[in-house]
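Every number in this text was worked out from the coordinates using simple rules, so none of it is lab data. Predicted, not measured: the structure shown is a model, and the values here were computed from it. Note: ideal-geometry Cβ built from the backbone for every residue, glycine included; neighbour counts use all protein chains shown.
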Amino acid sequence: MITAVTVNIGAAGPDRAERLLRWLAGRDDDVVLLTETSAGPGTALMLGRFRQAGYAVVKTPDDGDRGAALISRIPLAGPGPDFSQVSIPARVAAAHLATTPLTWWVSVYVPSRDRSEDKTTRKELFINSLLKAIEQLPEVERAHLVIGGDYNVIGADHRPFHAGFLPFEFRLLDTLRAEGLVDANERAGTESQPHSWIGRTGDGYRYDYIHVGAELADRLRGCRYLHETREANLTDHAAVEIQLAVQADRLPCEPVGGPDPLALF
């Protein structure tokens, strides 16, 4: 059994990054999918600590834009799935992990937008290129894929329904379903309609997700939205956790803060 979590870190600065590290150090995750990473010192601190502790860290080089990262204490099994043609490569981090059965993992941070044409076009291009990359994956990779992160979209059946989302945004979840990817919360979750982000008006949005390929759906053993990350002001998003019944050896990792976890504090 392995545990994975995804959390939007909101381009955390060093102080908040330390608090996020403290939270992660108190958990026992095998895979961590980070979204809204940045080129700043907070992200560098978090990824550096994990590398120093012996974790495998995958981070696509960026040009100062927000991005995604993947952290694993399961050894890499080779090159990750190919997402090099996605319109903003830094927003995708992918890895092939040495589990039994083998699994392919993707951390993704879909751009947000306002009403401006340029940001709308940017988001649509990203979603279209992401879906194309998934459609072009070899069947075995797609069937054993785990993809998670901040998608910045809601479903057409979201409660409450929020006007203003465009057809290409609804198409993201619809196409993942059509490609055989299963929404972990719908399959194994206990919350029928979680909200992972709360807007200024107090309205809730489900922006953060984990999906698994068809061959992994029956291996899901749980999915939870962890609202403590919002409630403790670690970030403005809830984290999402899954348990997956696959086997894996672990890298000989030290605690993230060094030999003594109290070094984080």
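The figures follow:
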read-out	value
Contact order relative to length of segment 98-214, as percent, for alpha carbon pairs under 8 angstrom and 6 or more apart	30
Cβ-based charge dipole, the chain, positive-most Cα from V108, F83, L220	V108
J(HN,Hα) series, segment 230-235, from Karplus relation 6.51 cos²θ - 1.76 cosθ + 1.60, nearest Hz, glycine and proline x	6, 5, 8, 6, 6, 6
Globularity ratio of the chain, using Cα Rg and 2.2 N^0.38 Å	0.94
Calculated from backbone phi, Karplus (6.51, -1.76, 1.60) coupling profile of segment 64-78 in Hz, x at Gly/Pro	x, 7, 5, x, 9, 9, 10, 10, 9, 9, 9, x, 6, 9, x
Taking the chain and dividing mean pair separation by its residue count, relative contact order in percent (alpha carbons under 8 Å, at least six apart)	23
Per DSSP, loop chymotrypsin sites (Phe, Trp or Tyr not before Pro) in segment 102-203 with at most 13 further Cβ within 10 Å	F161
Net charge dipole size for the chain [Lys, Arg +1 and Asp, Glu -1 on Cβ; Debye, nearest 20]	240
DSSP beta bridge pairing in the chain, given as percent antiparallel to the nearest 5	75
Share, in percent, of DSSP beta bridges within segment 141-265 that are antiparallel, nearest 5	95
For segment 57-108, the spread of Cα positions along each principal axis, largest first, Å	35, 20, 14
Calculated [θ] (222 nm, deg cm²/dmol) that DSSP helices of n ≥ 4 give over the chain, each run adding -39,500 (n - 2.57)	-7500 deg cm²/dmol
Candidates per trypsin sites (Lys or Arg not before Pro) in segment 79-164, loop by DSSP, up to 14 other Cβ within 10 Å	R115
Cleavage-rule hits (trypsin sites (Lys or Arg not before Pro)) in segment 178-253: DSSP loop, at most 16 neighbouring Cβ within 10 angstrom	R200, R250
